[in-house]
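K.L.:
Can you keep this structure in mind? I'll have questions shortly.
FYI, it's all coordinate maths here, none of it is from the lab. Computed from a prediction, not measured in an experiment: that's the story for all the values here. Glycine also receives a Cβ, built like all others from the backbone with ideal geometry; neighbour counts cover every protein chain displayed.
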Amino acid sequence: MLTYLPRDDLWHKLNSLTVLAFSGTIFLLALLFSHPICLLLLAAIALTGLAEAGGRKEMREFLYLSAPMAMAILVFNLLVSRSGTTLFYAGWPFSLEAAVYGLAMSLRLLALTAAFGILSVSVRPEDLLNKSPFFAGRPGLALALGLRLFPVLLAEQERIVLAQRARGVRLASGPRLNRLRNLLAVWQPLLLNTLEKAWQLGEAMQARGLGSGRRSVYKVERWRREDFLALAGIFAGLAGGIAAAWQGVANFNFYPRLEPLFSFGHPWWLALMAAGLSLPLIMAWRWRHWAK
Amino acid sequence: MGKVKVETLTYYYPRSSKPALENVSFTVQPGSFVLLAGGSGSGKSTLLRALSGLIPHFYGGRMAGTVQVGGLDTRRAGPPALAEVVGCVFQDPENQLVMPTVEAEVAFGLQNLGFSPALIRRRVAEVLQFFGLDHLREAEVRQLSGGQKQKLALAGVLALHPSILLLDEPTSQLDPVSAEEILQLIKRINEENGLTIILAEQRLERCLHLADELLFLENGRLVGQGPSAAMVRELSRRDSLLLPPLARLFAGYHFKDLPLTVKEGRTLLRAMGFKEDGAVNKMPENKNRLMRPQKKPPASTPGNTSVKIENLGFTYPGGKEVLKGISLELKQGEVVALIGANGAGKSTLARHFNGLLKPVRGRVVVGGRDTRRYQVEDMADLVGYLPQNPNDLLFHPTVRRELEFTLTARGLKDAGQVQEALHLLELEDLAQADPRDLSGGERQRAALAALLVGDPQVLVLDEPTRGLDYRLKAKLGQLLCRLAEAGKTVFIITHDAGFVAEYAGRVIFLSAGEIVADGPKEEVLAGFYFFTPQLYRLFYNFKTNVFTYEQARKALEEVLAAWSGRQLSWL
């Protein structure tokens, strides 16, 4: 879940820095904001972004994992907070303020995790790390190799487990000592196969000139017109969000009594944030439906 | 640029006292397509490593003699200089692809040699287009099929514009369709770009006709070099089991020109007096029946039922339905081949035999046990499962310990079963050898012995002929027949039509999760046009029921008998 998935959509065609900027902006604003409506707006943008980037399946899996966590925050806050004054029922310690605060924190959690999810499903880690000069050379190559081989090793391990279980080797049942000993039947072939694979890979790499000297840099990622447009929206959204937080529009006092929910002083800053951050989403939606 | 010259090459791997190559000398002219043939362990891969400079630069060891490729002495020239002259493609694409994405993989070698980004971009674009991989430019390597991965490996090498291309059994891990595609690409590169090609291959029937020349290695020595047809005749005198069935069939007789393809063979048969009769190979009473899904196995199958599958349906968690209402019975003493395209559901079906997968619908009963109620480990005494890669099973320091481990894992004591299994698989001399030091065929026998020591009733073998030469395939086939005669049920998943024709008694054809044909091999194979053994295609419409080498030999001798005493050399 929430691992990179190649998809033929705009979100995956955008430069990794553009996606990083979008996720980073959501992440930052989610930490700055405390107003429930602002957090709701941000969470809605983040979840829409995740749905665009990861598709329905990823979205479902994300909600399956994060919704119970959000619910737990809400319930926990309701149970332990005693600072609110508007009680649901006289004599009970559960207040409306605690519920709204819990809800706001749940929305913050959803926005933060969705921001991470967007980055995770639509950007290859090596694309992002290649932006750093440190990772452009051998460390980058080692990392790329690790990323390429990790799924191969997992598949290899799964295959060996199946083969040994089919042979009668008990890996999940029986006395603990036997199970531990039987795990050698997986680890040893895996280690031996991996060493053979590493040798063959080394051979193939040398045959293609590795070790010849300084490697040249070839950036596969490109900057598109859509990147610049999306970045303009993201920076406008970031500016609007920071201004809203600066002006206190995005802040909210929960205790001891809730302040009015819809008493924004300068709502246009929020409108700028929402419009700016929605621009990449609209572009992605449009690309999916028309531009293709 | 593409000339290869080897003079008195002798090579010892590090810590080895036996030469892997001994006094090898030959010359390959620029632009030639050379097939490097020889049995398992004959030194083909070692020779290719020497030509690419990996020997001595990567492997070390002791080397005598000289190797010159494209005018460079491999001992003096370093890997960078050699990488631009010689390109290497290895057996398993999985073990030669380095980068996570297609575009980055093609650029890898160019980056190593320090080419400019503009040049890399141009080369990458050109090569991807040539190999039809352009639409996969941004795809992840792990999501490509085996054939696409091998194409990508080839693309990555050719992006360096080498003048010599070395290929070490590049099709051994591929299905027949992908293998054919790769070979055609190689031929095209040879013909259109004039690259020198040196291809090491076990399955000669796929590529014998493509090559200009054949080099033959035996125990590290070059025992012959020459045009393919002449070399085939020479090899037939040495050991006919090294040849593909068609060439082997004709090589035993005194024909002037040996046929290398089915087309050439049929021309020869016509010249010998074989008459084409369209009715001969048609089997109207079977044809329609075979094309429908079979609910019941043929009545003539021997022994008691060992596996019974009723209306089996299976869907993976992602929602992909892989098996749709499979019903079949397997009997003791049967050798059954399961054939079908990649993704047809063959391995998924086989994994139901021992409960590695549980039916979503229907049921699978093996030896009276319903697999839904048993764990995989509890089915191991009934079903032996040999994976594609025998290395997945082998990890002990000796073959004997490997066999003993199977008994230990099941809490059994050795009451002579280990010795019996070693004897059955002719591994007695290798009992103390490290399984990882054995050749491909020996490793496979060791893995099979590790299963047989537990005396399973049913043996499931997943692609057992991959990477085996003709001799090893024949040995394996004979062994499986012996096991069937001893009452085992042998179930083989394979793409190898020749192996099926020689050794299977019954063939099941799976397509898109459904059985579309099931019956005795003669009936099922006769209903096919493409998935047929070479010898069947040779005699198609000339003579009915020719599937195996023996049947083909008899058919040929019948005609030759009529010519007895006459001179046949005009043919």
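K.L.:
For B:SER327, A:SER122, what's the fewest-to-most ordering of other Cβ within 10 Å of each Cβ?
P.N.:
B:SER327, A:SER122
K.L.:
Using Cα atoms only, what is the angle between the long axis of helix B:102-112 and the major principal axis of chain B, expressed in degrees (0 to 90) to the nearest 10?
P.N.:
The answer is roughly 30 degrees.
K.L.:
Also, quick follow-up: Can you order the peptides B:539-546, B:154-161 by their average number of other Cβ atoms within 10 Å per residue, highest first?
P.N.:
The packing order, highest mean first, is B:154-161, B:539-546.
K.L.:
Tally Lys/Arg at +1 and Asp/Glu at -1 over every other residue whose Cβ is under 11 Å from the Cβ of B:SER45; what's the total?
P.N.:
Summing Lys and Arg as +1 and Asp and Glu as -1 gives -1.
K.L.:
Comparing A:LEU119, A:LEU190, A:LEU63, which has the greatest mean-square fluctuation in the GNM of chain A with Cα pairs linked when under 10 Å apart?
P.N.:
Result for chain A, Cα springs under 10 Å: A:LEU190 fluctuates most.
K.L.:
Also: At a 10 Å Cβ-Cβ cut-off, how would you order B:ILE515, A:ILE73, fewest neighbours first?
P.N.:
A:ILE73, B:ILE515
K.L.:
If the reach is capped at under 18 angstrom between alpha carbons, list the aspartates and glutamates near A:LYS57, excluding any in the same chain fewer than eight residues apart.
P.N.:
Of all the aspartates and glutamates, those that pass the test against A:LYS57 - Cα under 18 Å, at least 8 places apart if same chain - are A:ASP8, A:ASP9, B:GLU321.
K.L.:
Within a 10 angstrom radius of each residue's Cβ in A:151-162, how many Cβ atoms of other chains show up on average? Whole number is fine.
P.N.:
Rounded to a whole number, the mean comes out at 3.
K.L.:
Give the residue list of chymotrypsin sites (Phe, Trp or Tyr not before Pro) in region A:174-236 that are DSSP loop and have at most 13 other beta-carbon atoms within 10 angstrom.
P.N.:
Of the chymotrypsin sites (Phe, Trp or Tyr not before Pro), the ones in loops of region A:174-236 whose Cβ has at most 13 other Cβ atoms within 10 Å are A:TRP223.
K.L.:
Let me ask something else. Report, as an integer, the average count of C-beta atoms from other chains found within 10 Å of each Cβ along B:353-360.
P.N.:
2
K.L.:
Taking the highest mean first, how do the peptides A:238-247, B:36-45 order by number of other beta carbon atoms within 10 angstrom per residue?
P.N.:
Final packing ranking: B:36-45, A:238-247.
K.L.:
Once the piece of chain linking A:ALA155 and A:LEU31 is laid out straight, how much longer is it, given 0.36 nm per residue of separation minus the C-alpha distance between them?
P.N.:
40.8 nm
K.L.:
Give me the distance between the Cα centres of region B:167-236 and region A:1-73, rounded to whole Å.
P.N.:
When both Cα centres are located, 54 Å separates them.
K.L.:
Could you work out the relative contact order of chain A, using alpha carbon pairs under 8 angstrom and six or more residues apart, expressed as a whole percent?
P.N.:
Result for chain A is 29 percent.
K.L.:
Please identify, among A:LEU177, A:LEU28, A:LEU229, the residue showing maximal mean-square fluctuation in a Gaussian network model of chain A using a 10 angstrom Cα cutoff.
P.N.:
A:LEU177
K.L.:
Tell me the Rg and the Dmax, in Å, that the Cα atoms of chain B produce.
P.N.:
So, for chain B, Rg and Dmax equal 25.1, 72 Å respectively.
K.L.:
Explain nothing, just the number: relative contact order of region A:1-131, from Cα pairs under 8 Å at least 6 residues apart, as a whole percent.
P.N.:
42 percent
K.L.:
At most 10 other Cβ atoms within 10 Å and a DSSP loop assignment: could you name the GluC sites (Glu not before Pro) in region B:27-117 that fit?
P.N.:
none
K.L.:
Need the C-alpha centroid separation for region B:356-372 versus region A:248-281, integer Å.
P.N.:
Region B:356-372 and region A:248-281 have Cα centres separated by 59 Å.
K.L.:
Here's something else I'd like to know. Please report how far the C-alpha centroid of region B:304-347 lies from that of region A:184-223, rounded to the nearest whole angstrom.
P.N.:
Region B:304-347 and region A:184-223 have Cα centres separated by 37 Å.
K.L.:
Here is a follow-up. In the structure shown, do any of B:LYS263/B:LYS475; B:LYS44/B:LYS488; A:LYS197/B:LYS44; B:LYS187/B:LYS521; B:LYS3/B:LYS187; B:LYS149/B:LYS331 have a Cα-Cα gap over 27 Å, and if so which?
P.N.:
Correct reply: B:LYS263/B:LYS475; B:LYS44/B:LYS488; B:LYS187/B:LYS521; B:LYS149/B:LYS331.
K.L.:
Where does the charge balance sit around A:GLU158 when Lys and Arg score +1, Asp and Glu -1, over other residues with C-beta under 14 Å from its C-beta?
P.N.:
The answer is +2.
K.L.:
Further question on the same structure: To the nearest 0.05, how large is the calculated FRET efficiency for A:TYR64 and A:TRP268 if R₀ is 30 Å and r is the Cβ-Cβ distance?
P.N.:
Result of the calculation: an efficiency of 0.20.
K.L.:
How large is the helix-only mean residue ellipticity at 222 nm for chain B, computed as the sum of -39500 (n - 2.57) over DSSP H runs with n ≥ 4, divided by its residue count, in deg cm²/dmol to the nearest 500?
P.N.:
About -10000 deg cm²/dmol.
K.L.:
Give the residue list of trypsin sites (Lys or Arg not before Pro) in region A:162-233 that are DSSP loop and have at most 10 other beta-carbon atoms within 10 angstrom.
P.N.:
The qualifying sites are A:ARG214, A:ARG222.
K.L.:
What does the helix-only formula give at 222 nm for chain A: each DSSP H stretch with n ≥ 4 adding -39500 (n - 2.57), the total divided by the residues, and the result rounded to the nearest 500 deg cm²/dmol?
P.N.:
Helix contribution divided over all residues of chain A: -24500 deg cm²/dmol.
K.L.:
Within a 10 angstrom radius of the beta carbon, how do B:HIS57, A:HIS35, A:HIS289 rank from fewest other beta carbons to most?
P.N.:
Taking fewest neighbouring Cβ atoms as first place, the list is A:HIS289, B:HIS57, A:HIS35.
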